[in-house]
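Have a look at the structure below before the remarks.
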4 protein chains.
Amino acid sequence: MSEEIQKHLYDAFEHAKPYCSQGRVADYIPALAEVDPLKFGMAVALPNGEYYCVGDADEPFSIQSVSKVFTLSLALERLGDDLWNSVGREPSGSSFNSIVQLETECGKPRNPLINAGAIVTTDRLIDGRSVEVTTEEILAFMRERSDDATVFIDEDVASSEAATGSRNRSLAHFMSAFSNMRHPVETSLSVYFRQCAIAMSTRQLARAGLHYAFGGTDPISGKSVMSTVNCRNINAVMMGCGHYDNSGEFSTRVGLPGKSGVGGGILTIAPGRAAIAVWSPGLNQAGTSLAGSMALEYFTDALDWSIFA
Amino acid sequence: MSEEIQKHLYDAFEHAKPYCSQGRVADYIPALAEVDPLKFGMAVALPNGEYYCVGDADEPFSIQSVSKVFTLSLALERLGDDLWNSVGREPSGSSFNSIVQLETECGKPRNPLINAGAIVTTDRLIDGRSVEVTTEEILAFMRERSDDATVFIDEDVASSEAATGSRNRSLAHFMSAFSNMRHPVETSLSVYFRQCAIAMSTRQLARAGLHYAFGGTDPISGKSVMSTVNCRNINAVMMGCGHYDNSGEFSTRVGLPGKSGVGGGILTIAPGRAAIAVWSPGLNQAGTSLAGSMALEYFTDALDWSIFA
Amino acid sequence: MSEEIQKHLYDAFEHAKPYCSQGRVADYIPALAEVDPLKFGMAVALPNGEYYCVGDADEPFSIQSVSKVFTLSLALERLGDDLWNSVGREPSGSSFNSIVQLETECGKPRNPLINAGAIVTTDRLIDGRSVEVTTEEILAFMRERSDDATVFIDEDVASSEAATGSRNRSLAHFMSAFSNMRHPVETSLSVYFRQCAIAMSTRQLARAGLHYAFGGTDPISGKSVMSTVNCRNINAVMMGCGHYDNSGEFSTRVGLPGKSGVGGGILTIAPGRAAIAVWSPGLNQAGTSLAGSMALEYFTDALDWSIFA
Amino acid sequence: MSEEIQKHLYDAFEHAKPYCSQGRVADYIPALAEVDPLKFGMAVALPNGEYYCVGDADEPFSIQSVSKVFTLSLALERLGDDLWNSVGREPSGSSFNSIVQLETECGKPRNPLINAGAIVTTDRLIDGRSVEVTTEEILAFMRERSDDATVFIDEDVASSEAATGSRNRSLAHFMSAFSNMRHPVETSLSVYFRQCAIAMSTRQLARAGLHYAFGGTDPISGKSVMSTVNCRNINAVMMGCGHYDNSGEFSTRVGLPGKSGVGGGILTIAPGRAAIAVWSPGLNQAGTSLAGSMALEYFTDALDWSIFA
């Protein structure tokens, strides 16, 4: 099996490589715009502690919206199902930063993986604590999950996000108008911009996501990170909503739950098998890594890892 | 295992039974409105040819929108991936009969499981043939898949649907305005209303859906009903879109691909394991069987059949 | 005064003439697509029976949506304020054939000058009568108002409209689904397509609209065509809704109530003064005659006829 | 004439008085919620310097959105037609604080009388100056136009607006994301909240609006306040957009351009004749004074002052 994984990973990488130059790198902040578009890394983390990696798998990148999965995990563990009163778990059918549904649905976002929903999730996670304490909790979680203390928050990226975050401010104030924010908008956004600025490698990201493939328990340390129900819910939400209005396309092509970020990273979960992370900065129209999703489609197809049989 | 399935099926049935009286039976046509709201049946079809059934599992009911999965299968096999040029595979985030997205998206429906998408799928399946020939093909397919020649089209239901089908006519003419219908509206709707009027039991429905759990091949006869890719795609589309704007809720609660109909039926696929059908006419707000989905949640939870690990 | 009108009419015509070649002629039916885009006529009808005309003022053209004003008049006189229960009188903020608001507003169109509203208005005007009788009433009204029996219905245009009317069929069936149609869709559309196919000249059209400038009474014959309240309401609705999502622009530029049609005609009302009709087939993006509206802006500005002082 | 005006004003007041108790007083800030709902005043300002008043015509109230007309005037005079590149002049068909169209129309508000449009108009009026200087200009303008130095800004109201202004902040940040704000959001909102907090009486308000009835020139002082074109445009925009998604209703019932505020005030312009102001805090569903609009309908109907003849 191990050999097979290694072979298909390599093939998937080669298959997708030509697409690296075809995507469009996010350019709304300099820190993302300056990334070399030809960077490309893949990593598979297995429950036995083994890794299979290819390309720039050890280079840290800005995980951006992939962080939403991890703060959702923390918020769900902290608040329980109460969280679902503040944010739904339905696909939105809209783009990542759309505000239209908030108006017709009284300030309750469709799901925690679109921006509005992620902001409200972070707002709940704060739970009366300070920006620093909450940010520290998120960072510590990422370091523990990736088993690597070098994971860090890129404060330059965080500052740039804050400086250009008008759309996210608009979403937050809109939800505030419907009493769906518990802290001042700038407090919650301060944490949110920092979580999006977490930098880590595909190897670290795959490792950090491994427990999602094993019912919420880290198969290496044996530690229960979250309840099985919360783990399933998160996988289901990733499957339905992980790529905004491109979620159906990813779901049919790759056949696994996943979450993308505009930094070009994608975390993908193969339940009972492995966690897979890819990174290639060029994005498709919906903001998902173009070469990354091509590689994942090839890889899961070759291994028959689709959860749809 | 068999005993376990039987036990959990019985428990799920008892657990959900009290909810039968709480849903709201579809009343837009007399044939549906007159159904006894306390009817409740469940059936599990296994690859070895065994069935587990409980309640009114052998009573035929109107499968309504569950039929969309089967006509999608036929259309995909007939037209191949060309079909995806006429209809998407993204969750719509809207109700089953919404027309809003058609206006902003040039008459191309989001997916084949909302009404607009199902109508265009049926229109493509006709492929220049007559209403009779196409209807006959669909009925023959349902009979072959359920291995039971008693499956029938309830012409009274079909006539009622046609008589009250203004909303579907509106959808069809709208797509026609964008040249996304290949046949006269009334031709395609004539087939569509008939496919929705197919009557069969939960036992027959579970049997008919079994190949979706085994990569497109009927595990009993060994016959390849469709390509593995098409099978996976259909399961993915059911997962994301099978319950309209309640798909995320079903997906997180039940953890399996499924398709509901306003007749109260739900077909659910447990990849590699079984097909499960339930029937209880009382619906929740999104038009999915209330007791039916409660029972499915209980059953898949008890057996750990969620595809999210 | 008369000389002034003549002079400014001529100047307006010369001013706008170069724009005739810049608009886009409606091409969804052959009969409209084949019209010479350089045709350009203007006519002013005065209460003393005088006319001032320039260009192709005596050539009949397809008045299309301008007819909506006249059927609204007939429907209002026949049904009274009951009509406003079936159709509103608010600007829609949307294009002429949008269906979005119908979904969120339970099948009640915003106003009688968008397609949906005009179809429901015509449906009410039928009032249980036949297509022929209703069509005859409309035609007789246009002939009487224009004091000219040569006004006619171009049956070729009507047939073409019917053949390509998918969008209008969609609107009608949608309203039917909300019980906001009193007759079969094809019955009401049959009258609607015919009213849109009325052919008349700008001279005839200006004459036909004269009573709207004089509180509902024809200043020449002295006949009361409609109540003053209905007349004011119709002028108000034209002001707010006469040019779909371009109504505000027309209202600020021309300063008078008006109604445009895709045939390139515009009827404009100068309360207490005159009725003005223009015809130039080239349309702007919102479907209003480009040169026609330029000419009207110039003309009313020169004469200080804006009702905004 | 004078006697007639006085009589009809008194009759209109008596006619509408019973409706004072039926409206709903705005309660989103204490300062508005505490106003006596039975307050009711009307004032007519004539070009000869005469006033006709009835009820609480000399009691100051919070003019709120009526202020949008005056800042629009200042912005138009300062920036000329360039302003129309930042904000349209079409009816929106939506409620006063809707954000939906901003998303589909790239951050450009439909018109300057909905909140989004008024905020962007105030932002342009600032034109690089300070909050204090701009606020002072607006206040000075209101005092000069009303010929009364007692007009003031209620700083308590302004503070309350600022404290509860999440929805307006959301609109402003949204436009900022599309580069349609020239100053920091809090700067522009600071002026905006103050302009909405201007307190004046119906007598003062009618006087202040008089120039809109006379082509932009104050008929009493003879001073040209704005160009005739700008004056007409403002009247046209009031006619089409002055009451949000109730503009068509007001326009057909009252037949004059007007602007309402949630404080219960309405300014109405009778071109060539007079300016009329009313105040009654109880609002209809669209946020327009209920008794106020009833009184205006009665008054303009009695005097035949409709601009629709």
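The range D:139-185 and the range B:115-176 have Cα centres spaced 58 Å apart. Distant-in-sequence amide contacts of D:Ala197, defined by a placed amide H-H separation under 5 Å and a gap of 5 or more residues or a different chain, comprise nothing. Estimated from the Cβ-Cβ distance and a Förster radius of 51 angstrom, the FRET efficiency linking B:Asp147 and A:Asp127 is about 0.35. Helical content of chain A, expressed as a calculated mean residue ellipticity at 222 nm, amounts to -14000 deg cm²/dmol (DSSP H runs of 4 or more residues, -39,500 (n - 2.57) each, divided by residue number, nearest 500). Computed over all pairs of different Cα atoms, the Kirkwood value for the hydrodynamic radius of the range C:65-196 is 14.7 Å. Looking down the axis that turns chain C into chain A, the chain C residue with its beta carbon nearest that axis, and the gap rounded to whole angstrom, comes out as C:Thr104, 4. Label point of B:Gly222 (7 Å along Cα→beta-carbon): distances to the other copies' equivalent points are 4.6, 10.0, 10.8 nm, sorted ascending. According to the Cα-based calculation, Rg over Rh for the protein assembly as shown is 1.01, with Rh computed by the Kirkwood formula.
Mind listing the label-point distances from C:Glu144 to the same position on all other copies, shortest first, one decimal in nm, points 7 Å along Cα→Cβ? With the label placed 7 Å along Cα→Cβ, C:Glu144 yields 5.6, 6.7, 8.6 nm.
Sequence-distant contacts, meaning Cα pairs under 8 Å at least 6 residues apart, place the relative contact order of the range A:1-141 at 17 percent.
When only C-alpha pairs under 8 Å and at least 6 residues apart count, what is the relative contact order of chain C, in percent? Relative contact order comes out at 29 percent. The simple spin-label model puts a point 7 Å past each Cα toward its Cβ; for A:Asn85 and A:Glu3 those points are separated by 5.7 nm. Give me Rg/Rg_expected for chain C, where Rg uses Cα atoms only and Rg_expected = 2.2 N^0.38 Å with N residues. Ratio of Rg to 2.2 N^0.38 Å for chain C: 0.91. If you run the Gaussian network model on chain B, springs between alpha carbon atoms under 10 Å, then out of B:Gly209, B:Gly248, B:Gly117 the most flexible one is B:Gly248. With Cβ to Cβ distances under 13 Å as the rule, what net charge do the other residues near D:Leu32 carry (K, R +1; D, E -1)? Net charge in that neighbourhood comes out at -4. FRET efficiency for the D:Ser179 to C:Glu186 pair, using the beta carbon distance and R₀ = 56 Å, is estimated at 0.65.
Among the trypsin sites (Lys or Arg not before Pro) in the range A:101-208, those placed in a DSSP loop whose Cβ has at most 15 other Cβ atoms within 10 Å are A:Arg129, A:Arg182. Its residue count N fixes a reference of 2.2 N^0.38 Å for the range B:93-165, and the Cα radius of gyration divided by that reference is 1.32. Annotation for C:Tyr28 and A:Asp27: the two label points, set 7 Å from Cα along the Cα-Cβ direction, are 3.8 nm apart. Computed on the Cα trace of the range B:1-90, the radius of gyration divided by the Kirkwood hydrodynamic radius gives Rg/Rh = 1.08.
Spacing of the modelled spin labels on C:Glu105 and A:Leu38, each 7 Å from Cα toward Cβ, amounts to 5.7 nm.
Between the range C:93-114 and the range A:72-111, the alpha-carbon centres lie 30 Å apart.
Each other copy places its own label point for D:Trp84 at 3.1, 4.7, 5.3 nm from this one, sorted shortest first, where the point lies 7 Å along the Cα-to-beta carbon line.
No value in this document is a laboratory result; all are computed from the given coordinates. Here the structure is a predicted model, which means the values were calculated and not measured. Cβ atoms come from the backbone with ideal geometry, glycine included; neighbour counts cover every protein chain shown.
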